[in-house]
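In what follows, a single structure is set out as structure tokens and then discussed.
The values are calculated or read from the model by the stated rules, or taken from the named source; none is laboratory data. Keep in mind it's a predicted model, so treat the numbers as computed, not measured. Glycine also receives a Cβ, built like all others from the backbone with ideal geometry; neighbour counts cover every protein chain displayed. Note: areas computed on protein heavy atoms with side chains; ligands, DNA, RNA excluded. Shrake-Rupley method; radii C 1.70, N 1.55, O 1.52, S 1.80 Å.
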Amino acid sequence: MTVNLKSENYSNYVLPVKHFDSKCQIIIDYDMTSSLSFFDLEIIFQYNIVKFRNYDYKWTEITGRCIANWYAPKIIQLANGKLVQANRNIGIWEINKKEPNKLLWRFNPENAQPLTRFKANSHDRQIKQTQTTYNFDKPLALLLPGRSALEVSRSKIPFSAILCFTDHCDFDTLKNLKQQRLFFKQHSIKTTKGFFLNHYSKRDDNAAMEYHANEYKAWIDDGHELAYHALSQSIKPNEEGFKDFENFTPPLDNINTWIDHGYQPYNVSCFENYNLSVEQYGRLLHDKNISILWNYSDSGTCIPGVINQINPSHFTLQAFLKGIKGLGVLESTRLWIKNLLTNNLDHSNYNRLYKDFANNLKKRKWAKCFRSAFGISKVIISTGLHYNSKKYKVNTLAKYTPLFFRHRIGKVEFYIFQTMEMVDFKQALNPRNINTLIEEKGICIAHTYFSVPLKHHKGRLIIDGRIDSEVNKNFACISKKISEKKLWNPTVKELITYLAPLEYLEFDVTEEGGICLISENHFTAREVTI
């Protein structure tokens, strides 16, 4: 076995490996890697890799490309029958059928930990990588058990699926806030509920902590998490906005999550366009007790057959096309074009062009719609001409199935989470989709607008002031799955608090030839055999 380090500074640096009877320690010079933004360990085995322990805790053959992020098992079987397991969960394992004897142990590859940045004024989108450091004081190792490997449940309910709701409060009023809260209480469902701190809005009846603190405290009492959705619904002049951001006092204890709203200048996705240093911004967030941030990116849109955020095959053109059949010509067209453009990162202005197109389409302004469509026709035509070669390509921001990851802003480290857009609650949360999530032991961190009143949003929770009956049935089904211990429904903070330590777990080989955990933990584990 050989191990090569590859990065922007090293093309093929051979790392020393210490061989023991039951493990091979990979010795990494921390000073060498600490200055690298990304690097790969290329591990070459004498035998081919024939099986891979998948995200759903099942063995799969190497038929294409296999990915194991930090929250998934890192276990393989070689052609000689030997099991191989990582001694630590950090990084990403990647295997390609074309090179079956090669294992890549990847650290921060492109788009594995993506952050959205909006350009000033134009709102064109850029995707940047996180700034992450790794600790190699304890060497990485490949463990070679003689009997069985060990896998760890990422869910608090052992080896179950996870469904987490994050809700953007753009259309919340006091009336529908109470309606939502009572609805979720009826079904024993928890959410990470966004809120505006200040009542500064183009809508007089918009809810805000400034006027409705008692209602938000009731959400806390019911077990929900509150998350800042920026500070106000409408955008103040930059100077006033930054003054609000620098001077606001947290209204309640333990509000740790921030979800960007629009293009507020002090948002995580925008602040670098203005005169605020990275160190100062990180310190301000820390001083406000904020430690969890949204990356303003979705892996994709929840539709029939697309709900599992850690299954890359849910995020292909073919899967999306299959899921939007039967939604009507206008809706299917809108969703298809949106999917093409929001997942095409080659041109940052596609995000803005799509929004122009969608706004004109729903308003039936056909001339402007045509002009917008002309601006994005290149990617549409290219996709049509090369569909057969592109239909199974995974969306860029779903390739490495990111959930949440560490990111340093100045001298402070934060957790950044990624979501799945969920608009149509009839389609996205139908029993078949929920059963798929459960069968795949999957995860969905949903990005929702539960109070949206816009008629072009199909499958809304509230229609004409009432809870939609079909959506109600879907949530009743979800509630039943939760009570049956088939589905865990945490808030974002609960999910990250519980799951984040899994990245740091350490494994070793027992005298009996199995694998054990050697670090303190609260996780449930079980043996894995062939």
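Values computed for the structure shown
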{"item": "Nearest-10 value in Å² for the accessible area of Glu512, using the 1.4 Å probe", "result": "130"}
{"item": "P(r) of region 191-350 over all Cα-Cα pairs, binned every 5 Å from zero, in whole percent", "result": "1, 8, 14, 16, 14, 14, 14, 12, 7, 1, 0"}
{"item": "Fraction of accessible area attributable to carbon and sulfur, the chain (%, probe 1.4 Å)", "result": "48"}
{"item": "Translational diffusion coefficient (Stokes-Einstein; Kirkwood radius from C-alpha pairs) of region 1-131 at 20 °C, 1.002 mPa s, in µm²/s", "result": "132"}
{"item": "Exposure rank, largest accessible area first [Ser451, Ser277, Ser389; 1.4 Å]", "result": "Ser389, Ser277, Ser451"}
{"item": "Percentage relative contact order, region 78-170, counting C-alpha pairs under 8 Å, at least six apart", "result": "30"}
{"item": "Among Leu502, Ile416, Leu285 - extreme Cα towards positive end, dipole of the chain, charges at beta-carbon", "result": "Ile416"}
{"item": "Amide N of region 151-172 lying under 20 Å from the label point, which is placed 7 angstrom from the Cα of Thr529 along Cα→Cβ", "result": "151-153"}
{"item": "Average projected area [Cα convex hull, the chain], square nanometres", "result": "24.8"}
{"item": "Tilt relative to the chain, helix 238-247 - C-alpha long axis, 0 to 90 degrees, to 10", "result": "60"}
{"item": "Note, ³J(HN,Hα) from phi for region 145-161, Karplus 6.51, -1.76, 1.60, rounded to Hz, x at Gly and Pro", "result": "x, x, 10, 7, 9, 9, 10, 10, 6, 8, 9, 5, 8, x, 6, 10, 7"}
{"item": "Selection from Gln318, Ser153, Ile530 lying farthest towards where the dipole of the chain points positive, charges on Cβ", "result": "Gln318"}
{"item": "Heavy-atom accessible area per residue - the chain, 1.4 Å, Å²", "result": "43"}
{"item": "Backbone HN-Hα couplings from phi across region 472-482 [Karplus 6.51/-1.76/1.60, Hz, Gly and Pro as x]", "result": "4, 4, 4, 6, 5, 5, 4, 4, 5, 5, 5"}
{"item": "The chain, relative contact order in percent, only Cα pairs under 8 angstrom and at least six apart counted", "result": "20"}
{"item": "Antiparallel DSSP beta bridges within the chain, as percent of all bridges there, nearest 5", "result": "70"}
{"item": "Sequence-distant residues sharing a close amide H with Ala446 (under 5 Å, placed H)", "result": "Cys164, Phe165, Thr166, Met420"}
{"item": "Amide H within-cut-off set for Phe39, under 5 Å, with H built and near neighbours excluded", "result": "Phe107"}
{"item": "Lys, Arg +1 and Asp, Glu -1 on Cβ, resulting dipole of region 37-183 about Cα centre, debye, nearest 20", "result": "260"}
{"item": "Kirkwood-type radius of region 10-49, with distances r between different C-alpha atoms, in Å", "result": "12.1"}
{"item": "Anchor Lys18: aspartates and glutamates whose Cα lies under 17 Å away (excluding residues fewer than 8 positions away in-chain)", "result": "Asp29, Glu42, Asp137, Asp508"}
{"item": "From the C-alpha gyration tensor of region 55-134, square roots of 5λ in Å", "result": "32, 14, 11"}
{"item": "Members of Lys193/Lys288; Lys322/Lys485; Lys325/Lys426 lying beyond 20 Å, as alpha-carbon distances in this model show", "result": "Lys322/Lys485"}
{"item": "Cα-centre dipole for the chain with unit charges at Cβ (Lys and Arg positive, Asp and Glu negative), debye to 20", "result": "2180"}
{"item": "Summed residue charge, Cβ within 14 Å of Lys480's Cβ, Lys/Arg positive, Asp/Glu negative", "result": "+3"}
{"item": "Leading residue at positive end of dipole, the chain (Cβ point charges), from Val84, Ile467, Phe38", "result": "Ile467"}
{"item": "Cα-centred dipole magnitude for region 181-252, charges only on beta-carbon of K, R (+1) and D, E (-1), debye, nearest 20", "result": "280"}
{"item": "Cα gyration tensor shape of region 386-483, rounded if a/c is under 1.5, else prolate or oblate by comparing a/b with b/c", "result": "prolate"}
{"item": "Rel. contact order, % - alpha carbon contacts under 8 angstrom, at least six apart, region 401-530", "result": "16"}
